[in-house]
Amino acid sequence: MIDKVKKYVKEEHMIQEGDSIVIGVSGGADSICLLLFLCAVKPVFQLNLQVVHINHQLREAAKEEEDYVVSLCRQLMIPCSVKRIDVLSYAQREKMSCEEAARELRYKEFYQWINEKDFDKIAVAHHMNDQAETFLFRVARGTGYAGMQGMKPVQDQIIRPLLCLKKQEITSYLESRGIAWMEDESNQDNAFARNLIRNEVIPSLCKVNNMAVEHIYQATQDMRELEAFAGRILEEKYKQYVKENNTGRQLSINGFQEESEFVQKHVIKRMIEREAGKKKDIGKIHVDSVLTLLRKPTGKKVSLPYHLQGERLYDGIQISSDNLDLKDSEQNHLGELLINETIIQKPGKRDCIQIIDYDKIENEVQLRYRREGDFFVFNQEGHRKSLHRFFIDQKVPKDQRNQIPLVADGNHIIWIIGMRVSEYYKITKDTKRQVVFEYVSRRRNNGRDSDS
């Protein structure tokens with residue numbers, strides 16, 4: 001096992017001589033195996049190792065796991081730092097799932113060692129089964145070829161030395177050495193999508209072909225090669241057609257319309273991502289909406305994440321801020337609208353999320369405040385009510401009416417955020433495509449780093 005991982009690490013150029021590496025060790029089989037591997041190659045690469053154990057304080061066994069990791073590190077003579085974090089309180093405060101909150105806080109702690117204590121890399125224990133799980137999860141959720149490459153062996157300062165190993169290889173190695181590990185009982189809860197894939201889908205696929213995990217892993221490797229090859233070509237196309245200007249990025253359509261749809265979509269995706277400075281929450285629906293502008297007259301616009309808009313110009317398409325006409329105080333207050341074709345399972349009664357019939361949307365979707373002529377459909381018979389009358393009926397104070405965020409399709413209000421949705425856009429038995437709107441208030445964003 002050690003030789004196999006060492007070969008993989010060298011092939012992927014993960015570790016250089018003299019590296020200082022933070023190791024995330026939970027106490028599970030995977031992270032214990034990672035720790036043992038790095039200890040084994042420590043003298044070869046002259047490594048400086050530091051274990052970081054995060055106690056999420058979510059389970060009764062958390063303290064036992066913490067004690068086990070500390071004890072094992074003491075035996076191996078590797079320094080161990082323990083961080084206890086209140087994940088539940090953080091998740092509730094930030095309106096996140098516990099799983100998402102735990103990951104965010106965990107990596108925040110890891111990166112502190114990089115940023116404040118001059119460590120070079122963070123080693124995490126993802127393995128081949130995790131890669132297969134990630135691939136299936138992304139495909140089921142909706143992803144392009146870039147997402148199908150799964151987790152990269154080296155991603156910025158994160159390294160994944162065990163991606164070449166199956167789960168069974170890891171547990172067999174530990175058993176052969178007589179090394180114990182801790183089992184996280186929450187991994188058996190199939191209410192979580194990833195657990196369902198891990199515990200039900202992958203074992204079922206292995207009944208179809210016992211090499212299923214290896215084959216999915218190989219597919220991710222092939223996608224990495226495809227992404228690297230296509231990425232070089234697409235970057236050349238991007239530079240050929242896209243120029244930055246004072247207000248954003250402009251796409252020249254001269255020759256662009258003769259390009260393949262694949263090239264068109266990926267150039268536009270790069271435009272949006274680079275103008276936003278983020279990749280998260282920018283999906284197929286946004287790229288397609290900009291692509292439709294090629295067939296629209298000058299002046300037509302579409303709304304995009306992060307307060308961006310696409311606008312059809314005489315000789316191209318401009319991606320820029322859609323809030324240039326808002327006062328700074330309004331811009332800071334409005335918040336963000338995240339749009340995703342992914343279906344959220346059991347969203348519950350949450351004021352910040354709505355699932356809408358995608359095909360009912362006629363114009364560009366905008367996040368804004370009220371304007372004269374705004375209306376919504378208030379019953380299944382299609383009867384309209386003005387937004388002005390609705391606020392009066394709901395006894396909304398006059399001084400608050402201009403501060404309520406709205407999701408609008410022209411003057412038709414799709415969603416009066418926190419209050420109600422137009423009946424016209426609601427899901428029915430005839431709905432073919434759905435879209436998820438998630439409103440993120442500016443207050444929630446304050447003090448938080450967005451993923452990029």
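Scanning segment 113-123 for residues that are assigned to a helix (DSSP H, G or I) and surrounded by fewer than 18 Cβ atoms within 10 Å (Cβ to Cβ) yields Ile114, Asn115, Glu116.
The numbered conditions (1) within 21 Å of the chain's Cα centre (by Cα); (2) surrounded by fewer than 16 Cβ atoms within 10 Å (Cβ to Cβ); (3) farther than 30 Å from Asn254 by Cβ are all true for Gly231 except (3). Restricted to segment 353-391, and to residues there that are farther than 12 Å from Val421 by Cα and in contact (Cβ under 8 Å) with a residue 60 or more places away in the chain, the residue that is farthest from the chain's Cα centre (by Cα) is Lys360. Checked against (1) free of Cβ contacts under 8 Å to residues at least 60 places away in the same chain; (2) hydrophobic (A, V, I, L, M, F, W, C); (3) within 25 Å of Lys280 (Cβ to Cβ), Ala230 meets all criteria but (1). Within the set Ala191, Ala132, Ala146, the sole residue that is in contact (Cβ under 8 Å) with a residue 40 or more places away in the chain, surrounded by fewer than 19 Cβ atoms within 10 Å (Cβ to Cβ) and not assigned by TED's automatic domain parsing to the domain that holds Phe262 turns out to be Ala146. Can you pull out the residues in segment 262-299 that are touching a helix residue (DSSP H, G or I) at 6+ places or on another chain (Cβ under 9 Å), without any contact (Cβ under 8 Å) to a residue 24 or more places away in the chain and surrounded by fewer than 16 Cβ atoms within 10 Å (Cβ to Cβ)? Phe262, Asp288, listed by residue number. Every condition in (1) farther than 25 Å from Tyr173 by Cα; (2) out of contact with any Lys or Arg (no Cβ under 8 Å at 6 or more places or on another chain); (3) of a type outside the set (Ser, Thr, Tyr); (4) free of Cβ contacts under 8 Å to residues at least 60 places away in the same chain holds for Arg59 except the one numbered (4). For segment 405-449, filtered to residues that are part of a strand (DSSP E or B) and modelled with pLDDT under 90, the residue that is farthest from the chain's Cα centre (by Cα) is Asp409. Per the conditions (1) among the basic types (Lys, Arg); (2) modelled with pLDDT of 90 or more; (3) closer than 26 Å to Arg371 by Cα, the sole criterion not satisfied by Arg270 is (3).
Restricted to strands (runs of 3 or more DSSP E) entirely inside segment 3-112, no element has at least 2 residues that are within 26 Å of Ala180 (Cα to Cα) and not assigned by TED's automatic domain parsing to the domain that holds Glu175. Starting from residues that are outside any helix (DSSP H, G or I) and among the aliphatic types (A, V, I, L, M), keep the ones in segment 389-404 and report whichever is farthest from Ser303 (Cα to Cα). Selected residue: Val396. Pairs linking a residue in segment 413-425 that is in the same structural domain as Val365 (by TED's automatic domain parsing) and farther than 16 Å from Gln366 by Cβ to a residue that is in a helix (DSSP H, G or I) and not aliphatic (A, V, I, L, M), with Cβ atoms under 7 Å and 6 or more positions apart or on different chains, are Tyr424/Lys360. When Ser81, Ser71 are screened for being modelled with pLDDT of 90 or more, touching a His at 6+ places or on another chain (Cβ under 8 Å), of a type in the set (Ser, Thr, Tyr) and surrounded by fewer than 18 Cβ atoms within 10 Å (Cβ to Cβ), only Ser81 passes.
The values are calculated or read from the model by the stated rules, or taken from the named source; none is laboratory data. Since we're looking at a predicted model, the values are computed, not measured. Cβ coordinates were reconstructed from backbone atoms using ideal geometry, including for glycine residues, and neighbour counts include every protein chain displayed.
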